[in-house]
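Quick notes on the structure that follows.
The values are calculated or read from the model by the stated rules, or taken from the named source; none is laboratory data. Note that the structure is a prediction, hence the values are computed from the model and not measured. Note that we place each Cβ from the backbone using ideal geometry, even for glycine, and neighbour counts take in every protein chain shown. Note: accessible area is taken over every heavy atom of the protein model, side chains too, but ligands, DNA and RNA are not part of it. Shrake-Rupley method; radii C 1.70, N 1.55, O 1.52, S 1.80 Å.
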Amino acid sequence: MDHAPPPALPEVCFIGRSNVGKSSLIRALFSLSPEVEVRVSKTPGHTKKMNFFKVGKYFTLVDMPGYGYRAPRDFVEMVEAYLQERRNLKRTFLLADGVLGLQKTDHIAVEMLEEFGIPYVMVLTKIDRASRGLLLNNVLKVQEFIKEKTQGCFPQLFLVSSVEFSGVHLLRTKGG
Ligand SMILES: Nc1nc2c(ncn2[C@@H]2O[C@H](COP(=O)(O)OP(=O)(O)OP(=O)(O)O)[C@@H](O)[C@H]2O)c(=O)[nH]1
Ligand SMILES: [Mg+2]
């Protein structure tokens with residue numbers, strides 16, 4: 001938090017399990033903003049620190065390290081402090097894998113966001129890898145979960161593939 005830029009601009013952040021596709025989605029969403037230079041990797045746990053990118057003069061986005069497998073050791077202190085303290089945080093995107101659906105660690109992340117009263121949008125990633133049947137099943141389960149178990153989650157679920165660019169435009173225009 002000591003290295004975070006001053007909270008002058010509105011901010012959006014992207015959180016989710018390691019390897020879920022946070023950095024890839026940011027790259028797809030901001031493909032027209034050359035200042036957003038995110039690093040993507042096949043190796044889970046690639047993003048180790050919170051990376052802040054200023055987008056034009058309008059807002060800042062934050063690419064977070066992932067939780068779960070190979071998460072940085074200081075993940076909880078780092079991210080909890082950020083979510084609790086960041087006054088200019090306007091929207092949080094919680095990414096879950098469209099093939100795997102919600103995992104145990106995703107439920108922990110949801111509990112944390114709910115406890116801190118942070119408004120968030122749920123996104124299913126890597127939908128190019130899921131068969132239609134599997135994807136439909138996961139979508140229905142997540143929608144039911146959002147409806148029954150959450151307060152702070154935006155009711156609309158977004159589906160994306162950062163490889164095929166599907167759903168990216170919709171998220172750009174409707175997710176914020
Ligand atoms: N097929 C497919 N692969 C994807 C998609 N999005 C990301 N990937 C792949 O998943 C791997 C991880 O992507 P990242 O964007 O680095 O994931 P991350 O959530 O930032 O991971 P950490 O920084 O380790 O927490 C890479 O090999 C990506 O190419 C997608 O929509 N479809
Ligand atoms: Mg990353």
message: What whole-number volume per residue, in cubic angstrom, does the convex hull of the C-alpha atoms of the chain give?
response: 107 Å³
query: What are the aspartates and glutamates whose alpha-carbon lies under 16 Å from the alpha-carbon of K141, with same-chain residues fewer than 8 places away excluded?
result: D97, D106
- prompt: Do any GluC sites (Glu not before Pro) in the range 101-167 lie in a DSSP loop with no more than 16 other beta carbon atoms within 10 Å, and if so, which?
  reply: E164
message: Give me the count of lysine pairs in the range 1-131 whose alpha carbons sit under 28 angstrom apart, restricted to pairs 8 or more positions apart or on different chains.
response: 25
task: Quote the FRET efficiency, to the nearest 0.05, computed for E144 versus H46 with a Förster distance R0 of 45 Å and r equal to the Cβ-Cβ distance.
output: 0.90
statement: V99 and E111 label points (each 7 Å along its Cα→Cβ direction) are spaced in nm at 2.8 nm
query: How much mean residue ellipticity at 222 nm does the chain get from its helices, if each DSSP H run of length 4 or more adds -39500 (n - 2.57) and you divide by all residues, to the nearest 500 deg cm²/dmol?
result: -10000 deg cm²/dmol
query: Counting DSSP beta bridges in the chain, what percent are antiparallel, to the nearest 5?
result: 25 percent
Å² of accessible area per residue within the chain, as computed with a 1.4 Å probe and no ligands counted: 55 Å²
message: 7 Å from Cα along Cα→Cβ at both S33 and R73: what's the point-to-point distance in nm?
response: 3.3 nm
task: Using only Cα atoms, locate the centre of the range 1-24 and the centre of the range 40-87, then give the distance between them in Å, rounded to an integer.
output: 4 Å
- request: Please work out how much accessible surface E37 shows to a 1.4 Å probe, ignoring ligands, DNA and RNA, in Å² rounded to 10.
  value: 140 Å²
Dipole magnitude of the range 63-176, debye to nearest 20 (Cβ charges: Lys/Arg +1, Asp/Glu -1, about Cα centre): 360 debye
- prompt: Which is the longest run of the chain containing none of the trypsin sites (Lys or Arg not before Pro) found in DSSP loop states (not H, G, I, E, B) with at most 16 other C-beta atoms within 10 Å?
  reply: 88-176
field: Given 15 as the ceiling on other Cβ atoms within 10 Å, longest exposed-site-free region of the chain for chymotrypsin sites (Phe, Trp or Tyr not before Pro) in DSSP loops
entry: 70-164
